[in-house]
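The values are calculated or read from the model by the stated rules, or taken from the named source; none is laboratory data. All values reported here derive from a predicted model rather than from experimental measurement. Here the Cβ positions follow ideal geometry from the backbone for every residue, glycine too, while neighbour counts run over all protein chains shown. Note: areas computed on protein heavy atoms with side chains; ligands, DNA, RNA excluded. Shrake-Rupley method; radii C 1.70, N 1.55, O 1.52, S 1.80 Å.
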Amino acid sequence: MPSAIRSILPAPSLALALMACVFLPSARAQAPPLLRQFSVGRGSAPTYLALDHGGNLYVSEQADRVELYSPTGTLLSSVGGQGSSPGQFNQPSGIGVDPAGNLYVADVGNHRIQKFSAVGTFLAQWGSAGSGPGQFGAYISLAVDASGIVYVIDPYNMRIQRFQADGTYLGQFDGSGHFQDIKDIAFDAAGNGYVPDVGSHCIHVLAPDGTYLRSWCAGFYDPGFLENPYQVGLDASGNLYAPDFASEVKAFSSGGAFLSAWTEPNGLNGAFNPLGVAIDAHGEVFVSDWNNGVISVFGQIPTAAVPLSWGKLKALYR
């Protein structure tokens, strides 16, 4: 299983926690169809995903490389290899693509971010171990927004740092104390950020300037409960997809209402451990299966949904 660092914060009062959460009705739609699957990683487990502007899929892999695949699974190119030299990785995790097509890779073991051109040429790197600006803790990930700003998720230091494309430090978000063990950030059309948190089992919502807005925190017995959400993605309608490493992919409306949950229907070689997700311009949902070394591509969630019950939102305290 991917490494996870669980941070413990002082518990906020129940009243404040309930004010921070939004109670939303749940609805369930049918699971989307499985369109196709293809093997990746050449025997290595796939983790985080990102799409380039041509619809091709970058896959971060535990074999210390990032590979680019066509939408149907043809291997197009690869960067990396184990090590600490420029262009090498020691446990790559989160990846992202900027408007110019450049690839950014969170290089966990080397405490740095690396930048590559669209054809795989190494361009730049920044970062070191620590807790200061431009420094990173023991586990990091990243995402890139529509304007090309690079967001580095730094759970050990309970923050998200922002950088220009050349590595210039711009500032950080701390989630107003709500972050525990954050793993990713994804953005809607308005620039709001959605942050999965393995520690609190929540999705935190941030305004474009980083202001904390609210959290989606389903109760343990609620169908929308997220045990281990590592990466999230949004479709053109604002629906959020969260692979839950425990065994399912879960989908929520733009307002946080639970829509659907599904597993991989074919069984393959064992348990379904979805970790990474990316949604293309056609609404196809690419999901990495860490256990089986495959990418499963699902269609859109059927639009018809029937009411279930009021979602039980967990207050942010233990």
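Given the conditions (1) over 24 Å from Tyr230 (Cβ atoms); (2) surrounded by 23 or more Cβ atoms within 10 Å (Cβ to Cβ); (3) among the aliphatic types (A, V, I, L, M), report the number of the one that Val119 does not fulfil.
Condition not satisfied by Val119: (2).
Can you tell which of Gly193, Gly210, Gly199 is under 13 Å from the mean Cα position of the chain (by Cα) and within 26 Å of Ala257 (Cα to Cα)?
It is Gly193.
I need the full set of residues from segment 197-209 which are open to solvent by 10 Å² or more (accessible area, probe 1.4 Å), in contact (Cβ under 8 Å) with a residue 12 or more places away in the chain and within 18 Å of Tyr151 (Cα to Cα), in order please.
Ala207, Pro208, listed by residue number.
Rundown of residues vs (1) of a type outside the set (A, V, I, L, M, F, W, C); (2) touching a Gly at 6+ places or on another chain (Cβ under 7 Å); (3) at pLDDT 95 or above; (4) at positive phi, yes/no style:
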| residue | (1), (2), (3), (4) |
| --- | --- |
| Ala50 | no, yes, yes, no |
| Ala63 | no, yes, no, no |
| Ser70 | yes, no, yes, no |
| Ser85 | yes, no, yes, no |
| Phe89 | no, yes, yes, no |
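Here is a check on your reading of the model: is Ile203 of a type in the set (A, V, I, L, M), in contact with a Gly (Cβ under 8 Å, 6 or more places away or on another chain), more than 29 Å from Arg65 (Cβ to Cβ) and not in a loop (DSSP other than H, G, I, E, B)?
Yes.
Which residue, of Gly81, Gly73, is more than 25 Å from Ile153 (Cβ to Cβ) and open to solvent by less than 50 Å² (accessible area, probe 1.4 Å)?
On inspection, the qualifying residue turns out to be Gly73.
Among residues belonging to segment 48-68 that are without any contact (Cβ under 8 Å) to a residue 60 or more places away in the chain and assigned to a strand (DSSP E or B), point out the one that is nearest to Gly283 (Cα to Cα).
That would be Tyr58.
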